[in-house]
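Some notes on the structure that comes next.
The values are calculated or read from the model by the stated rules, or taken from the named source; none is laboratory data. Bear in mind that the values here come from a model prediction, so they are computed numbers and not experimental data. Positions of Cβ are backbone-derived with ideal geometry, glycine not excepted, and every protein chain shown enters the neighbour counts.
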Amino acid sequence: MLIFRQLANITQDLPRAALPLLLIFLTSTTAPAAAKAVTEPVTTSATSVTDVTEVHPVSSFLEDERPAISARSVQYDEKSGRYICHGTVRITLGDRLITADEAQITSDLSTIWTQGTARLIDGENVFCSEAIYARPLEGQAFFFGTRCKLKRPGLAIDSDSIEYRWQDKLGIFDGHVLYIDGDGEKVFVHVEYDFSKNKIV
């Protein structure tokens, strides 16, 4: 509409016979652009990428720990300096895999926020929660939500929150901890589990 308003002043000096030709030209060039604007998502400061299978690794990571990211859609927000991921998000961190419905990842790949059916799978350890906050460089992940869970063969632990330190092979469970193993159920307020020894510290 702004283009048409600006051209209104210009066309006042044109001969009347030229106006129909000018209108035909304008509608033929602006209609496809208008249709494209309706069908395509609008992005402002974010650069949109579809079917991203990997982002460039960062030198500060060990070679076998460099993250690889895939999602149905990924945008890079220049203002926040984050990758915004939507739909079937998969983040590979060496031998570990994080899956979620949505994720935000800092441009240096050092901080990850996920939400919506979030999981971290590390070998036989499967952590589930509504949200995960992970710091790959520190080998740390925090799990939040209505109920956070760890499942592995012969063991299940539910709690209000979990901190997992995969480099130290340690899980810290806080708040209404329900511990279930072959010996039955136990209830705790705080539990620290050593995955290298497969027992409570």
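Filter the stretch 90-105 for residues that are of a type outside the set (D, E, K, R) and either more than 10 Å from the chain's Cα centre (by Cα) or not in a strand (DSSP E or B) (or both); which is surrounded by the most Cβ atoms within 10 Å (Cβ to Cβ)?
Among them, the one singled out is 93.
Hey, among 124, 54, which residue is surrounded by fewer than 15 Cβ atoms within 10 Å (Cβ to Cβ) and at pLDDT below 90? Quick ask: steps written out before the conclusion?
Details: 124 fails: at pLDDT below 90.
So the residue among 124, 54 that is surrounded by fewer than 15 Cβ atoms within 10 Å (Cβ to Cβ) and at pLDDT below 90 is 54.
Residues that are free of Cβ contacts under 8 Å to residues at least 40 places away in the same chain and farther than 14 Å from residue 126 by Cβ: find the strands (runs of 3 or more DSSP E) completely inside the stretch 139-201 holding 3 or more of those.
Values: elements: 140-144, 148-152, 155-159, 161-165, 170-181, 184-194.
Ranges flagged: 140-144, 161-165, 170-181, 184-194.
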- Does the stretch 106-124 hold any residues that are in a strand (DSSP E or B) and either closer than 14 Å to residue 172 by Cα or within 17 Å of the chain's Cα centre (by Cα) (or both), and which are they? 106, 112, 113, 114, 115, 116, 117, 118, 119, 120, 121
- Task: Taking the options 183, 174, 168, name whichever one is modelled with pLDDT under 95 and closer than 15 Å to residue 200 by Cα.
- Result: 183
- Exception for residue 81 within (1) surrounded by fewer than 16 Cβ atoms within 10 Å (Cβ to Cβ); (2) under 30 Å from residue 200 (Cα atoms); (3) not acidic (Asp, Glu) falls at (2)
